[in-house]
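The values are calculated or read from the model by the stated rules, or taken from the named source; none is laboratory data. Because the structure is predicted, anything quoted here is derived from the model rather than measured. Reconstructed Cβ throughout: ideal geometry from the backbone, glycine too, with neighbour counts over all protein chains shown. All accessible areas refer to the heavy atoms of the entire protein, side chains included, with ligands and DNA or RNA removed. Shrake-Rupley method; radii C 1.70, N 1.55, O 1.52, S 1.80 Å.
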Amino acid sequence: MVLVAVFGAALLVAVLLSGLAARTVLSTSLLFLVGGALVSDGFLGLIHITPESEIVSVTADLALFAVLFTDGMHVSFGKLRANWRNPARALGLGMPLACVGMALVTHYLVGLDWTTSFLVGAVLAPTDPVFASAIVGRKEVPARLRELLNVESGINDGLALPVVLVLIAAAGPAAGHAEASFGKIALELGLGLAFGALLPLLVNGLVRFRLLGAEPKLQPLLPLATGVILYAACHLTHANPYLAAFSAGAVLAAVSPEPQKAFEPLGESLAELAKFAALLVFGALLTPRLFGDLSVGGYVAVVLAIVLIRPASLLVSLWGTRIDRREKLVAAWFGPKGFASVVYGLLVLQAGIPQGQEAYTLIAVCIAFSILAHSSTDVPIARLFHVDDLVEGDGTRPEAPAATMKVQPHARA
């Protein structure tokens, strides 16, 4: 109950400060992270959470699933068919480059063996839709940039998981998740995509029966029921829940636009609550001891991961494209690490590999620094597009009247 009370208090403070956050770089996401750290064992000691606590993995998993499900609904298949090359470059070239770059700095600056270093690189390579949504959710940001970040962050979590599992298995004796074979991993990915595509189609087919159909006030619950069933089905069958969530959101928006539109306000609110809860719990893990366990070389690696490795890898992958230079720089900077990396980092810690604790410490500190850097820079980034007032993206910025928005013509591409 203490954790529930702390969450309620943090939520109240976040709502009361949301007006200030709309005008400054103050981030409600950061408030929950700091709030979790303050009430943890490292400071006030009101709640007692360790990386092994089930609530950590459950809240991170739920938050990631919820955000991917709602973000998938923002994908337009028509626009994606016309602009698939840029996300494909980011996923096919930028992501592997980020993994290799992080592996190099981890090995030479932190001293981890090559297998564990590449494991750290794989965990930190995917960007996180939770914080990328701060840009993706702003309609005044160029559509091409929003599509790039949304598709990249939605798909790369599922693509990184097979690599993480294989490297955990290769790093040493492990339990639970690490015994996965290539065939099993491929099956999990395939099942995730299949469930994500077929379940919304099935529900849409049921709605078309003459005797069935949702009355208007219950229509928002139709996508919610679909998401709940999908989440349970994925965990019961070990299908990849993240690919399933993103693909289900996209398919649902394509085949059931009316229920999707009715669900959008509810879905965004639920995703925000799940995100805030996960941030509070993750913040409770950020004790002084955790930061003290990381070496100086580790801190250098964290800074390089945020300011060099992600930006450089994406800029290389987008070399020669027609994307505006300013859009490239924004996409390169906005590569936050979040709940996907939290979930995968916990797998590393729980697998029992020889250097698992050191790897997890580096991963956790990198995620914390990334949240600090990226969740506090959406206002300056939006100003690059000459926007005076911001629309709602991560629940921290109010929608501006159309007359107050000043967007350059090319920003509506």
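Ranked by the mean number of other Cβ atoms within 10 Å per residue, highest first, peptides 34-44, 278-288 order as 278-288, 34-44. Just the protein heavy atoms count here, and of the accessible area of the stretch 186-235 at 1.4 Å, carbon and sulfur take up 75 percent.
So, R0 is 56 Å and r is the distance between the beta-carbons of D324 and L206; what FRET efficiency does that work out to, to 0.05? In this case the efficiency is close to 0.80. Both numbers refer to the Cα atoms of the stretch 272-353; Rg and Dmax are 16.3, 47 Å. Phi angles of the stretch 52-61 translate, via the Karplus equation with coefficients 6.51, -1.76, 1.60 and θ = phi - 60°, into HN-Hα couplings of 7, 5, 4, 4, 5, 5, 5, 5, 5, 5 Hz per residue; Gly and Pro are given as x. Largest accessible area first, the residues L112, L30 order themselves as L30, L112 under a 1.4 Å probe with ligands, DNA and RNA left out. The alpha carbon convex hull volume per residue for the stretch 216-285 rounds to 96 Å³.
A Stokes-Einstein calculation at 25 °C with viscosity 0.890 mPa s, built on the Kirkwood radius of the stretch 167-312 over Cα pairs, returns a diffusion coefficient of 131 µm²/s. Reported to the nearest whole Å, the Cα centre-to-centre distance from the stretch 156-172 to the stretch 310-384 is 17.
From the P(r) of the stretch 195-239, can you give the percent of Cα pairs sitting at distances over 14 Å? So the portion of pairs separated by more than 14 Å is 54 percent.
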